[in-house]
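**Q** Take a look at the following structure, please.
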Amino acid sequence: MLARVRSISRHWPFTRASASLKALRAIVSLPLATGLIMSSASAASYVYVGNADSQNISVLELKTNGDLAAIETVAVPGPAKPGGSLPLAISPEKHRLYAGLRNEPYTAVTFDIDAKTGKLKLVGPGPLADSMAYLTIDRTGRFLLGASYGGNKVTVNAIGPNGVIAPAQQVVATEPNAHCIIVDPTNRYVLHTSLGGDVIYQQKFDAKAGKLTPNDPPTVSVKAKGGPRHLVFSPDKKFVYLLNELDAAIYVFPWDAATGTLKKETQVASALPTGFDGKPFEGKPFEGKPWAADIHLTPDGKFLYASERTSNTIAGFRVDPKTGALTSLGSTATEKQPRGFNIDPSGRYLLAVGQLSNSMTAYAIDKSKGNLTKLSETAVGRNPNWVEIVNLP
């Protein structure tokens, strides 16, 4: 057909032939373009919520318009008495989910994720060295790393071929209350926090052996009694953001990718709402004090959000792409005691859960301004504290 058009075009004015060729090529390529669009649209987003008191996982589908549809509730087998939280981790390939049980016998339970439905299939438990407040998988998918708040340690467990974890092959003692552990984008370095010691540990990671060793310097300190809690890398890998639990401070650290270390902080912002007066939430023990919880960035790195449990709010910030500096967008009222939230891979929606409300609120994120608009509330399990969102083909 294109050969026929070329033959005819010799007898047409140049401009008309050019326009005709462009139009025809567009028509010929339409099925391919349509196929690509349909392929992209066919990807589905699934939400996994760790519910500590009911010791189960709520599985929901996040629709393209922000609606949430319940799919199933999956029990996490373990001790009859539930732990204080139920941390989750997703494998890099998004084909497995791990849930950490915080009562003896301490285990991480592996589930396979059905790529078509998002449903979970139990694989089995593997032993943890202690009660883990935070779990993460290294970028090869071969090792599970954990941070134990009560045990004052971080650990490395190998993951077997079937996805079940082996006993810890390394246990590293820390200052009190290890709270978070993350792997850098290159999989060569690890950062973890000590809430009681007011330090961030900087370690090298041997991804072949699954071994941690101290970096130089081995730690970075923050303000005393700030309580370093959660960390997150910026998508461009230039900055690391730390959220303190006890003063709700957010530290902006430039990241030295060559050495795997944090440079001197360039800013300390606050996740507390304007006029914070310390009014207690429904329940104690942190009456009248800041009690920050979770921190996440949009996938494009334009906006950062942090949850604060005493005021039941989510603080929003615009991120300067060059300096990493934060400009406050104000705070949004949310679920009661918002320990966990997350942002979907498209960056369009933020989902927050409340430990005292046992529900999840979905917000639309304004792509240009970063403001949050409430869309819906959905019931989940009891004491929800962890949210993971994945796209599956």
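**Q** Which number in (1) within 18 Å of the chain's Cα centre (by Cα); (2) farther than 21 Å from PHE233 by Cα; (3) in a loop (DSSP other than H, G, I, E, B) marks the one condition that GLY381 misses?
**A** (1)
**Q** Could I ask something else about it? Given (1) in contact with a strand residue (DSSP E or B) (Cβ under 9 Å, 6 or more places away or on another chain); (2) within 19 Å of ASN215 (Cβ to Cβ); (3) touching a residue at least 40 places away in the same chain (Cβ under 8 Å); (4) open to solvent by 30 Å² or more (accessible area, probe 1.4 Å), where does ALA173 come up short, assuming only one miss?
**A** For ALA173, the exception is condition (3).
**Q** Still on this structure, please answer the following. Which is assigned to a strand (DSSP E or B), surrounded by fewer than 23 Cβ atoms within 10 Å (Cβ to Cβ) and in contact with a Cys (Cβ under 9 Å, 6 or more places away or on another chain), of LEU191, LEU231?
**A** LEU231
**Q** Let me ask another. Would you call VAL268 aliphatic (A, V, I, L, M), open to solvent by 20 Å² or more (accessible area, probe 1.4 Å) and outside any loop (DSSP other than H, G, I, E, B)?
**A** It is true that VAL268 is aliphatic (A, V, I, L, M), open to solvent by 20 Å² or more (accessible area, probe 1.4 Å) and outside any loop (DSSP other than H, G, I, E, B).
**Q** Report yes if some residue within the stretch 330-346 is of a type in the set (A, V, I, L, M), open to solvent by 20 Å² or more (accessible area, probe 1.4 Å) and over 30 Å from THR266 (Cα atoms); otherwise report no.
**A** The answer is no; no qualifying residue exists.
**Q** A follow-up question, please. Only one of (1) over 21 Å from the mean Cα position of the chain (by Cα); (2) surrounded by 16 or more Cβ atoms within 10 Å (Cβ to Cβ); (3) outside any loop (DSSP other than H, G, I, E, B) is not met by PRO217, so which one is it?
**A** (2)
**Q** State yes or no: is ILE37 hydrophobic (A, V, I, L, M, F, W, C) and either closer than 15 Å to VAL109 by Cα or at pLDDT 95 or above (or both)?
**A** no
**Q** Here are some conditions: (1) over 15 Å from LEU262 (Cα atoms); (2) open to solvent by less than 20 Å² (accessible area, probe 1.4 Å); (3) polar (S, T, N, Q). ASN162 meets all but one. Which one does it not meet?
**A** Condition (2) is where ASN162 drops out.
**Q** Any residue at all in the stretch 203-210 that's at pLDDT 95 or above, over 17 Å from THR261 (Cα atoms) and of a type in the set (Lys, Arg)?
**A** yes
**Q** Spot the failing condition for ASP112; the list is (1) more than 17 Å from the chain's Cα centre (by Cα); (2) under 20 Å from ASN383 (Cβ atoms), and only one is missed.
**A** For ASP112, the failing item is (2).
**Q** Would you check if PRO384 is at negative phi, open to solvent by 30 Å² or more (accessible area, probe 1.4 Å) and out of contact with any helix residue (DSSP H, G or I) (no Cβ under 8 Å at 6 or more places or on another chain)?
**A** no
**Q** Select from the stretch 111-128 the residues that are surrounded by fewer than 20 Cβ atoms within 10 Å (Cβ to Cβ), without any contact (Cβ under 8 Å) to a residue 60 or more places away in the chain and small (Gly, Ala, Ser) and list them in ascending order.
**A** Selection gives GLY124 alone.
**Q** With respect to GLU93, is the statement that it is open to solvent by 50 Å² or more (accessible area, probe 1.4 Å) and on the phi < 0 side of the Ramachandran plot true?
**A** Answer is yes for this residue.
**Q** Sticking with this one: List every residue pair whose Cβ atoms lie under 7 Å apart, where the two residues are 6 or more positions apart in sequence or sit on different chains, the first residue falls within the stretch 208-232 and is farther than 21 Å from PRO254 by Cα, and the second residue, located anywhere, is of a type in the set (A, V, I, L, M, F, W, C) and surrounded by fewer than 17 Cβ atoms within 10 Å (Cβ to Cβ).
**A** Partner pairs satisfying both residue conditions: GLY210/ALA158.
**Q** Look through THR332, THR327 and report the one residue that is of a type in the set (S, T, N, Q), without any contact (Cβ under 8 Å) to a residue 12 or more places away in the chain and assigned to a strand (DSSP E or B).
**A** On inspection, the qualifying residue turns out to be THR327.
The values are calculated or read from the model by the stated rules, or taken from the named source; none is laboratory data. None of the values given here were measured: they were computed from a predicted structure. Please note: Cβ atoms are built from the backbone with ideal geometry, for glycine as well, and neighbour counts cover all protein chains shown. Each accessible area value is taken on the protein alone, full model and side chains, heavy atoms only, with ligands, DNA and RNA left out. Shrake-Rupley method; radii C 1.70, N 1.55, O 1.52, S 1.80 Å.
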